[in-house]
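A short write-up of the structure that comes next.
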Amino acid sequence: MHQNVGISYQVRITGGTLRPEPNGATAESVWTPLADVARLRRSALVDVGLALAQTLPATGHVDPVLVGGLVQH
């Protein structure tokens, strides 16, 4: 059994330059408008983050989500 923990943040871009993390696993960093995310190849965990952004639950938490690797939409 394998478990992942996803952490989502609500942010506002205020300036600066987006760049990959130094010595990290990020190959490319881009800001994508929310309206364009549905057309991307993405992990199902991204959909959990989108649901959080749309519903803004008072606790900031959602129930565990069963995910089987990279789910392509």
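The values are calculated or read from the model by the stated rules, or taken from the named source; none is laboratory data. All of these numbers come straight from a predicted model, not from anything done at the bench. Cβ atoms come from the backbone with ideal geometry, glycine included; neighbour counts cover every protein chain shown. Accessible surface is based on the protein model in full, side chains and every heavy atom, while ligands, DNA and RNA are left aside. Shrake-Rupley method; radii C 1.70, N 1.55, O 1.52, S 1.80 Å.
Observations on the structure shown:
- Verdict on GLY16 being of a type outside the set (Asp, Glu) and either assigned to a helix (DSSP H, G or I) or open to solvent by less than 60 Å² (accessible area, probe 1.4 Å) (or both): no
Residues checked against (1) within 11 Å of the chain's Cα centre (by Cα); (2) open to solvent by 100 Å² or more (accessible area, probe 1.4 Å); (3) modelled with pLDDT of 80 or more:
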position: ALA35; (1), (2), (3): no, no, yes
position: VAL48; (1), (2), (3): yes, no, yes
position: HIS61; (1), (2), (3): no, yes, no
position: PRO64; (1), (2), (3): no, yes, no
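- Looking across segment 1-13, the residues that are closer than 24 Å to PRO64 by Cβ, of a type outside the set (Val, Ile, Thr) and open to solvent by 90 Å² or more (accessible area, probe 1.4 Å) come down to MET1, HIS2, GLN3, ASN4, TYR9, GLN10.
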